[in-house]
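Here the structure comes first, spelled out in C-alpha cells, and everything after it is commentary.
The values are calculated or read from the model by the stated rules, or taken from the named source; none is laboratory data. If you're wondering where the values come from, they're calculated on a predicted model, not measured in any experiment. Positions of Cβ are generated from backbone atoms using ideal geometry, with glycine treated the same way; all protein chains shown enter the neighbour counts.
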Amino acid sequence: MSQARKFVSSVRGARLALALACGCGAAADSGDPEDLCSGTEALNYDTFGAGFLSVYCQGCHASTATDRYGAPESVTFDDRAQAMAQLGAIRATVLGSPASMPPGGGVPARDLERLELWLACEAGGAR
Ligand code: HEC
C-alpha cells in the first residue's frame, strides 16, 4: 500500500470513527468516507487542484506569467492535463522534505493536507 493510499485510508477511518462516535455524521456531512475522492465534497482538479495551483504556483509557472522568476518554461500548470502529467513533481516539490515550492513556502497546513488528499485521490484514479 502506498503512502498516499495509507494517508487517505487513515483520514477516511478517522472521519468514519468521528461520524460513528457522535452519531451526527449523516446530518453534518454525507457520512460517506468515499466522498473525499468521489462524492459531493470530492477533492479533484476542478474543486481543488486548479485553485491551489492558481493561487500558489501559477504566478511564476503559468505559460502566460509575465515574470516567471526563473521557473522553467516546461513546468506549467495551465490545465488539468498539464497538472496531471506533473503530479509526482508537485508532490515532491510541495510536500517533500524539505519542500522547495513555492520558493517562499507559506502554504497553510490545511491546504497542504488537502493537496496531499487530492494527489492521493488522483493517484487512485478517482473521478
Ligand atoms: C515565486 C515563483 C515560483 C512559485 C510561486 C512557484 N515556483 Fe516552482 N519554480 C520556480 C523556479 C524559479 C524554479 C526553478 C528553480 C528550482 O527548481 O528551484 C521552479 C521549479 C519548479 C519545478 C521543477 C523543478 C523541480 O524542483 O522539480 C516544479 C515541479 C515546480 N517548480 C513546482 C511548483 C509548484 C507545484 C508550485 C506551487 C505550489 C510552484 N512551483 C510555485 C519558481 C516558482
Go through the range 75-109 and count every residue that is closer than 19 Å to L43 by Cα and of a type in the set (V, I, T). 3
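Mind listing just one residue for me: the one in the range 11-60 that is of a type in the set (A, V, I, L, M) and under 22 Å from R91 (Cα atoms) and, of those, modelled with the lowest pLDDT? Break it down stepwise before answering.
Taking the range 11-60 first, the residues of a type in the set (A, V, I, L, M) are 11, 14, 16-21, 26-28, 36, 42-43, 50, 53, 55.
If we keep only those that are under 22 Å from R91 (Cα atoms) as well, we get 11, 36, 42-43, 50, 53, 55.
Working: V11: 57, L36: 79, A42: 89, L43: 92, A50: 98, L53: 98, V55: 98.
Among them, the one singled out is V11.
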Residues (of a type in the set (G, A, S), within 10 Å of the ligand (Cβ to nearest atom) and either over 22 Å from R114 (Cβ atoms) or touching a Gly at 6+ places or on another chain (Cβ under 6 Å) (or both)) located in the range 48-74: A65, G70, A71, S74
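Residue by residue, here is whether (1) within 19 Å of A50 (Cβ to Cβ); (2) polar (S, T, N, Q); (3) touching a residue at least 40 places away in the same chain (Cβ under 8 Å) holds:
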| position | (1), (2), (3) |
| --- | --- |
| A83 | yes, no, no |
| L87 | yes, no, no |
| T93 | yes, yes, no |
| V107 | yes, no, yes |
| D111 | yes, no, yes |
| R114 | yes, no, yes |
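Out of all the residues in the range 75-127, which are part of a loop (DSSP other than H, G, I, E, B), within 11 Å of the ligand (Cβ to nearest atom) and either loosely packed, with under 14 Cβ neighbours inside 10 Å or aromatic (F, W, Y) (or both)?
Taking the range 75-127 as the starting set, the residues that turn out to be part of a loop (DSSP other than H, G, I, E, B) are 75-79, 86, 96-108, 124-127.
Subset that is within 11 Å of the ligand (Cβ to nearest atom): 75-77, 86, 96, 99-107.
F77, G96, S100, P103, G104, G105, G106, listed by residue number.
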